[in-house]
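Notes to accompany the following structure.
The values are calculated or read from the model by the stated rules, or taken from the named source; none is laboratory data. Predicted model, so just to flag it, every value in this text is computed and none were measured. Methodologically, a virtual Cβ is constructed for each residue, glycine included, from the backbone with ideal geometry; neighbour enumeration extends over all protein chains shown. Each accessible area value is taken on the protein alone, full model and side chains, heavy atoms only, with ligands, DNA and RNA left out. Shrake-Rupley method; radii C 1.70, N 1.55, O 1.52, S 1.80 Å.
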Amino acid sequence: MIYLDNAATTPMDPEVIEVVQESMRNDFANSGTVYSLGLDTRKKIELAEEQIRNSLLIPQNYRIIFTSGGTESNNLFIKGYGFPDKKMAYLGLEHPSITQTLESFRELGNKPVSLLSYQKEGRLDGSAVTQLKKEKVRLLCLSHVNNELGSVNDPVPLLSALAEHSPQTRLFLDGVQAVGKVKLLPDMWRGLAGYSISGHKLNGPKGIGLLVFDGKLDLKPQIHGGQQQHRIRSGTLPVPLILGLAHAIKRAVEKTDEIMKNSKLLFQHLTAGLKNLSEVIPELNIRFNSSLSDNVSIQSPSIVNFRFVPVEGEVMLHHLEEKGIYVGLGSACSAHSKEPSKVLTGIGLTPEDARCSLRISFGHQNTIADIDAFLEAFGEAYRQLYSTFNRKVTHQ
Amino acid sequence: MNDRRTILVRYDEIGLKGKNRDHFINRLVKNIQMLLIDLEGLEFRVPHGRIFIHCSKESADECILRLQKIPGIASSSVGVTRKPEFDALAAVGVEWIEPLLQPNKTFKFCVRTNRADKSYPYKSPEIDREVGSRILGQLHSQGLEVSIKDADFTLEIEIGQDETVVFYNRVPGLRGLPVGSSGDILGLISGGIDSPVALYRLMKRGCRAHGIFFDNRPFMGRGGYDKVLKLSKLLNRYQLNSRLFVVPFEDIQVAIRDNCRPAHRVVLYRRMMYRIAQAVARQKGCLALATGESVGQVASQTLENLNAVSQVVDLSVFRPLIGMNKQEIINEAKELGSYEISIEPHPDCCSVFMPARPATRAKIADLEVDETKFPWESLMQEAIEKMECVELDDLTV
């Protein structure tokens, strides 16, 4: 099996599995209880939190809330902060857990501001700050790394631009695709309103994530109950998952340089290989949807998104699957759901272009040999599928 | 003894079957035995065409739940077996009614007896009266009254030659005929809402409905296959012993897509499906085909197109939904439990195979011309050879 869909999820690190298993055996006590058995698990959670703070260089004035994953973190922050009438903005290319959460405010008469006209290769252009000021936007929600394109919104220059031109606008970032893939700088935390992280995107367990937010902000609780986690997100804490997440973050951060180096190598090999295939196969015309920049403050080296009209991405995906190669898709080709990816059409692709696209995302386990196998299978499947999809040969 | 329960199963149309009655009853009993096979301590008795299941108090509820999924049953009831003596019968009534009484409120009841054993010395109304008055005597002071017309509780007594059963609740069954009593059919099943309902309807007419699915892999993923398997397993719970035949269809679709008129594609696909289904039906001993088609529902289901597909087969094609409206079909799918599975979002056909404007009135002569443009006989043979057969009783699939 060759797994090239690491932006969807990642295999669990064996060390993390060990940590989770051991904790499942030993740490059953409820961390909210007052006897020593419970206090022991509580202590383990506090240590894990401390470890996460150290790994991600999170300052003490930021609070950490454990959630079920990125989707919940995004909901918890946006709903908790924005309710009911704080003006909020987004680019429109974010994960649905951001775009749809913001859209849900329409019902309250609080329509979010779309900044799609300011997008450049999937990133927010700095000139948008004037619009933010004009619209009196209180919260700007963006992906740190876009999940389909890998385009990066670099927080440090964005925060300075906001501080200078639109100081009332705070920045919230979805960091689900960033941690372990691009380097987080300590400066990022200066001024950031909130940041979300998911365990399973960085070789950790599914069902656990983080919301990190500025402790001065007063978030309205979304999950009511036993008042755990600053009363914002009640519910008994899953100790094994928290310990697993802390370990996964530690490993991901330690290995970020190594992962980036490997991803850059694979990125170059894949993009060069696809260009080469385009030359070898006359009917193949590869176009890249994501940036080919090797500057990590512009483009994550872990994601390559490209199109190959007229063959549909979903059909290509299943032909690759037959050969044990798993890749990602932004849009569906089903006769019933003809809606192409909003991210791809958002950056200006036609619906047909969007449907004929694939996303390759690397993990630390991927090698040059994986990319070679992919290129070979892709070329072969393309040759096979081209005539069926080439509408010019359609018989009338 | 008090822990034992007696379930009385009433069959539906079998009573009308004259000389074949025993055959139908045996089939129903076998079907019931199969569906209850994993429950321990069950004892079946079939005296004079009546079906009794003796079981423990604990397994009675599970039995009743499963009996509701067996075609051929009109209703079933949980009761207890007692000696046909008035005091013993009344004691059961008191035991059941007393907990239902509330202070300062009246509660109405009646007794109804069915005297299958005509040698029993009392007639039904006399038994009703004798048992009823004994119960009333004990509970009248707590607000119990008799009312034949609007009773809150009806105590029923079934007096047979070998066994007398007292019960109070009739749980309706699916009615119809026992599966297998009419023979085997082969149903064209997709992941949609209609085909499972069509097969369910035929199962209730005594057919064992096997499924045939035309698989779009590798153009579409395994999602469609998994969905059809889930639907087939759901249907199999009502019949057991059924199979799902999975036919790889992609090569045929590509050949039609690449060689024939786009407007005809859908009808040509369906003609190939019908041909393959007929060949498989003959191979597997199925006596008819079944589909979920309904007049005018989609482009391929106009009268002309239905005719154009039926024309390629000799076997009877049953279309139990032919005159039903979509909402009626959806309501039945919800009742069957297939609806939630059918609406799971899995593509059943890649858009590359769908024409922009499908012909609603394809002419057979034109279709036949299209069919000279690709080697359909050999492609069909190949598809049948590669066909996979899933035994749906196998819980591991």
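Scan B:Ile32, B:Ile70, B:Ile53 and give me the residue that is within 26 Å of the chain's Cα centre (by Cα), at pLDDT 95 or above and either at negative phi or of a type in the set (Gly, Ala, Ser) (or both).
Exactly one of B:Ile32, B:Ile70, B:Ile53 is within 26 Å of the chain's Cα centre (by Cα), at pLDDT 95 or above and either at negative phi or of a type in the set (Gly, Ala, Ser) (or both), namely B:Ile53.
What is the number of the single condition among (1) within 14 Å of chain A (Cβ to nearest Cβ); (2) under 20 Å from B:Ala290 (Cβ atoms) that B:Thr372 does not meet?
It fails just one condition, (2).
Return the total of residues in the stretch A:114-128 being under 13 Å from A:Leu142 (Cα atoms) and open to solvent by 50 Å² or more (accessible area, probe 1.4 Å).
Qualifying residue count for the region: 4.
Test each condition in (1) at positive phi; (2) open to solvent by 60 Å² or more (accessible area, probe 1.4 Å) for A:Gln168 and report the one that comes out false.
(1)
State whether one or more residues within the stretch A:328-339 are assigned by TED's automatic domain parsing to the domain that holds A:His364, at pLDDT below 95, closer than 14 Å to A:Gly150 by Cβ and open to solvent by 10 Å² or more (accessible area, probe 1.4 Å).
yes
Could you identify the single residue in B:Gly180, B:Gly206 that is surrounded by fewer than 24 Cβ atoms within 10 Å (Cβ to Cβ), touching a helix residue (DSSP H, G or I) at 6+ places or on another chain (Cβ under 6 Å) and away from chain A (no Cβ under 14 Å)?
B:Gly180
Among the residues of the stretch B:327-366, how many are open to solvent by less than 70 Å² (accessible area, probe 1.4 Å) and more than 14 Å from chain A (Cβ to nearest Cβ)?
Of the residues in the stretch B:327-366, 13 are open to solvent by less than 70 Å² (accessible area, probe 1.4 Å) and more than 14 Å from chain A (Cβ to nearest Cβ).
Out of the residues in the stretch A:13-35 that are open to solvent by less than 70 Å² (accessible area, probe 1.4 Å) and aliphatic (A, V, I, L, M), state the one that is nearest to A:Ala248 (Cα to Cα).
By that ranking, first place goes to A:Val16.
Look through the stretch B:307-326, keep the residues that are among the hydrophobic types (A, V, I, L, M, F, W, C) and touching a strand residue (DSSP E or B) at 6+ places or on another chain (Cβ under 9 Å), and return whichever of them is surrounded by the most Cβ atoms within 10 Å (Cβ to Cβ). Spell out the reasoning first.
Filtering the stretch B:307-326 down to residues among the hydrophobic types (A, V, I, L, M, F, W, C) leaves B:308-309, B:312-313, B:315, B:317-318, B:321-322, B:324.
Narrowing further to those that are touching a strand residue (DSSP E or B) at 6+ places or on another chain (Cβ under 9 Å): B:309, B:313, B:315, B:317-318.
Values: B:Val309: 26, B:Val313: 16, B:Leu315: 18, B:Val317: 18, B:Phe318: 20.
The extreme case among them is B:Val309.
Go through (1) in a helix (DSSP H, G or I); (2) away from chain A (no Cβ under 14 Å); (3) open to solvent by 10 Å² or more (accessible area, probe 1.4 Å); (4) touching a strand residue (DSSP E or B) at 6+ places or on another chain (Cβ under 8 Å) one by one and return the number of the condition B:Ser232 breaks.
Of (1) in a helix (DSSP H, G or I); (2) away from chain A (no Cβ under 14 Å); (3) open to solvent by 10 Å² or more (accessible area, probe 1.4 Å); (4) touching a strand residue (DSSP E or B) at 6+ places or on another chain (Cβ under 8 Å), only one is false for B:Ser232: (3).
Evaluate the following for A:Pro282: is it within 14 Å of another protein chain (Cβ to nearest Cβ), over 18 Å from A:Ile347 (Cα atoms) and either touching a residue at least 40 places away in the same chain (Cβ under 8 Å) or over 19 Å from the mean Cα position of the chain (by Cα) (or both)?
Considered against the rule, which asks whether it is within 14 Å of another protein chain (Cβ to nearest Cβ), over 18 Å from A:Ile347 (Cα atoms) and either touching a residue at least 40 places away in the same chain (Cβ under 8 Å) or over 19 Å from the mean Cα position of the chain (by Cα) (or both), A:Pro282 comes out as no.
Taking the stretch B:235-257 only, how many residues are in a strand (DSSP E or B) and within 14 Å of chain A (Cβ to nearest Cβ)?
1
Considering the stretch B:258-277 alone, what residues qualify as being within 14 Å of another protein chain (Cβ to nearest Cβ), within 23 Å of B:Gly292 (Cα to Cα) and crowded, with 20+ Cβ neighbours inside 10 Å?
Once the filter is applied, which keeps residues that are within 14 Å of another protein chain (Cβ to nearest Cβ), within 23 Å of B:Gly292 (Cα to Cα) and crowded, with 20+ Cβ neighbours inside 10 Å, the stretch B:258-277 yields B:His264, B:Arg265, B:Val266, B:Leu268, B:Tyr269.
Quick test for you: out of A:Leu173, A:Leu102, A:Leu162, pick the one residue that is buried (at least 24 other Cβ atoms within 10 Å of the Cβ) and assigned to a helix (DSSP H, G or I). Please lay out each step first, then the result.
Values: A:Leu173 fails: assigned to a helix (DSSP H, G or I); A:Leu162 fails: buried (at least 24 other Cβ atoms within 10 Å of the Cβ).
It is A:Leu102.
For every residue, the table says whether it meets (1) within 19 Å of B:Ile7 (Cβ to Cβ); (2) without any contact (Cβ under 8 Å) to a residue 40 or more places away in the chain; (3) surrounded by fewer than 18 Cβ atoms within 10 Å (Cβ to Cβ).
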position	(1), (2), (3)
B:Gln68	yes, no, yes
B:Trp96	yes, no, no
B:Leu100	no, no, yes
B:Lys105	no, yes, yes
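Would it be correct to say that B:Ser76 is open to solvent by 10 Å² or more (accessible area, probe 1.4 Å), of a type in the set (S, T, N, Q) and at negative phi? Let's see the steps before the verdict.
On the way: open to solvent by 10 Å² or more (accessible area, probe 1.4 Å): no; of a type in the set (S, T, N, Q): yes; at negative phi: yes.
Answer is no for this residue.
Kindly evaluate B:Arg282 against the criterion of being in contact with a helix residue (DSSP H, G or I) (Cβ under 9 Å, 6 or more places away or on another chain) and away from chain A (no Cβ under 14 Å).
no
Would you mind finding the one in A:Thr71, A:Thr9 that is open to solvent by 20 Å² or more (accessible area, probe 1.4 Å), outside the structural domain of A:Val152 (by TED's automatic domain parsing) and touching a His at 6+ places or on another chain (Cβ under 9 Å)?
Within the list A:Thr71, A:Thr9, the selection yields A:Thr9.
Out of A:Gly32, A:Gly38, report the one residue that is among the small types (Gly, Ala, Ser), free of Cβ contacts under 8 Å to residues at least 24 places away in the same chain, outside the structural domain of A:Phe306 (by TED's automatic domain parsing) and more than 30 Å from A:Arg138 (Cα to Cα).
A:Gly38
Please work out which one of (1) more than 14 Å from chain A (Cβ to nearest Cβ); (2) among the polar types (S, T, N, Q); (3) surrounded by 15 or more Cβ atoms within 10 Å (Cβ to Cβ) is the condition B:Gln381 fails and give its number.
Every condition holds for B:Gln381 apart from (3).
Inside the stretch B:282-300, can you point out the residues that are over 23 Å from B:Gly180 (Cα atoms) and open to solvent by 20 Å² or more (accessible area, probe 1.4 Å)?
Once the filter is applied, which keeps residues that are over 23 Å from B:Gly180 (Cα atoms) and open to solvent by 20 Å² or more (accessible area, probe 1.4 Å), the stretch B:282-300 yields B:Val295, B:Gly296, B:Gln297, B:Val298, B:Ala299.
Right, A:Lys87: over 28 Å from A:Leu124 (Cβ atoms) and basic (Lys, Arg) or not? Full working, then the answer.
On the way: over 28 Å from A:Leu124 (Cβ atoms): no; basic (Lys, Arg): yes.
No.
What do you reckon, is A:Leu277 at pLDDT 95 or above, over 21 Å from the mean Cα position of the chain (by Cα) and within 12 Å of chain B (Cβ to nearest Cβ)?
The answer is no for A:Leu277.
Can you tell me which residues in the stretch B:123-162 are in contact (Cβ under 8 Å) with a residue 40 or more places away in the chain and part of a strand (DSSP E or B)?
Of everything in the stretch B:123-162, those that are in contact (Cβ under 8 Å) with a residue 40 or more places away in the chain and part of a strand (DSSP E or B) turn out to be B:Leu144, B:Phe153, B:Thr154, B:Leu155, B:Glu156, B:Ile157, B:Glu158, B:Ile159.
Would a scan of the stretch A:258-266 turn up a residue that is surrounded by 19 or more Cβ atoms within 10 Å (Cβ to Cβ), closer than 28 Å to A:Pro340 by Cα and among the hydroxyl-bearing types (Ser, Thr, Tyr)?
The answer is yes; a qualifying residue exists.
With B:Ile64, B:Ile37 as the choices, which residue is of a type in the set (A, V, I, L, M), out of contact with any Leu (no Cβ under 6 Å at 6 or more places or on another chain) and either crowded, with 18+ Cβ neighbours inside 10 Å or touching a residue at least 60 places away in the same chain (Cβ under 8 Å) (or both)? Step through it out loud before you land on a result.
On the way: B:Ile37 fails: either crowded, with 18+ Cβ neighbours inside 10 Å or touching a residue at least 60 places away in the same chain (Cβ under 8 Å) (or both).
After ruling out the rest, the residue left standing is B:Ile64.
Within the stretch A:211-225, how many residues turn out to be surrounded by 12 or more Cβ atoms within 10 Å (Cβ to Cβ) and more than 21 Å from A:Arg53 (Cβ to Cβ)?
Count: 4.
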